[in-house]
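Visitor: One structure, as structure tokens, below. Some questions next.
The values are calculated or read from the model by the stated rules, or taken from the named source; none is laboratory data. Small disclaimer: the values here were computed from a predicted structure and weren't measured. As a convention, Cβ positions derive from the backbone with ideal geometry for all residues, glycine included, and neighbour counts pool all protein chains shown. To get the accessible areas, we keep the full protein, side chains included, count just its heavy atoms, and leave off ligands, DNA and RNA. Shrake-Rupley method; radii C 1.70, N 1.55, O 1.52, S 1.80 Å.
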Amino acid sequence: MSTSVLVTYTSSYGSTQEVAEVIATTLREQGVKVDLRPIREVQTLAGHKAVVLGAPLYMFHWHKDARRFLARFQCELTHGLPLAVFAGGPIEDTCEQWQDRRRDLDQELAKFPWLTTVSVQLIGGKFDPTKLRLPYSLLPALQNMPACDLRDWPAIRAWASVLIEEFQPVM
Ligand SMILES: Cc1cc2nc3c(=O)[nH]c(=O)nc-3n(C[C@H](O)[C@H](O)[C@H](O)COP(=O)(O)O)c2cc1C
């Protein structure tokens, strides 16, 4: 039976997918067998010894694919399968924004009172007003925001590199 770590993600504009790919690469460099796939392609958690789940925040909520994943796999996640979570979010680099977005993420996770996580990481978001799709492309407040990429790659790799320890004793 395969015993890989599942790194699963959802991504509307691609930035969370890129983060998931770097996390998967970092784990593989440590000799970990990794199964990297979009949340919607996950049929079962059988054969996985730990899970890394990543999704962006949109309009103060964690992406619905991630919330559905938690609801769907509650049984497995409450019976010994360790879970680490990351969320892409802040697109304004102020202390207030980081604190508020972290609060939003914590509130989203609190909707699953049974949930235990070995680690939760808020990651900077990537934003490009020229790439917005409907209906968001119609919102002046978003159109006028500057493009940014607040993903801190050394910090992302550092977070991924200690996941093996966080997942003990299953690793
Ligand atoms: C319409 C829209 C709404 C957003 N709402 C939030 C939000 O409520 N909280 C937050 O932290 N980031 C928010 N963001 C920033 C995204 O989370 C960020 O751009 C992220 O990197 C997108 O991930 P993706 O490229 O994987 O879809 C929003 C972005 C857009 C375009």
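Visitor: I need the per residue convex hull volume for the chain, using only the alpha carbons, in cubic angstrom as a whole number. The partial results should precede the final answer.
Guide: On the way: hull volume 19.3 nm³, N = 171.
Per residue, the Cα convex hull of the chain comes to 113 Å³.
Visitor: How high is the FRET efficiency between S4 and H61 when r is their beta carbon distance and R₀ equals 35 Å, given to the nearest 0.05?
Guide: Step by step, r from the Cβ atoms, then E = 0.75.
Visitor: With every protein chain kept in place and ligands, DNA and RNA left out, what is the accessible area per residue of the chain? Probe 1.4 Å, answer in Å².
Guide: I get 52 Å² per residue for the chain.
Visitor: Could you derive backbone 3J(HN,Hα) for the stretch 94-104 from the dihedral phi with the Karplus parameters 6.51, -1.76 and 1.60 (θ = phi - 60°), listing whole Hz in sequence and x where the residue is Gly or Pro?
Guide: 3J(HN,Hα) across the stretch 94-104, in whole Hz: 10, 4, 4, 4, 4, 5, 5, 5, 5, 4, 4.
Visitor: Test of understanding: in a Gaussian network model of the chain with alpha carbons linked when under 10 Å, which of R37, R68, R133 would top the mean-square fluctuation ranking?
Guide: Among R37, R68, R133, the largest GNM mean-square fluctuation belongs to R133.
Visitor: Let me ask another. In the chain, what percent of the accessible surface is made up of carbon and sulfur (1.4 Å probe, ligands and nucleic acids excluded)?
Guide: Carbon plus sulfur share of accessible area: 53 percent.
Visitor: Continuing with the same structure: Students often check this: by mean Cβ neighbours within 10 Å, which of 108-119, 42-53 ranks highest, and how do the rest follow?
Guide: The densest-packed peptide leads the list: 42-53, 108-119.
Visitor: While we're on this one: When the chain is fully extended, how far beyond the present Cα-Cα distance does Q43 get from M171, taking 0.36 nm per residue of separation?
Guide: Contour length minus the Cα-Cα distance gives 43.8 nm.
Visitor: Give me the count of lysine pairs in the chain whose alpha carbons sit under 30 angstrom apart, restricted to pairs 8 or more positions apart or on different chains.
Guide: Qualifying lysine pairs in the chain: 9.
Visitor: Considering the Cα trace of the stretch 36-111, what is its radius of gyration and what is Dmax, both in angstroms?
Guide: In Å, with Rg to one decimal and Dmax whole: 13.5, 41.
Visitor: How far apart, in nm, are two points set 7 Å out from the Cα along the Cα-to-Cβ line at T130 and at Q30?
Guide: Using points 7 Å along Cα→Cβ, the separation is 3.8 nm.
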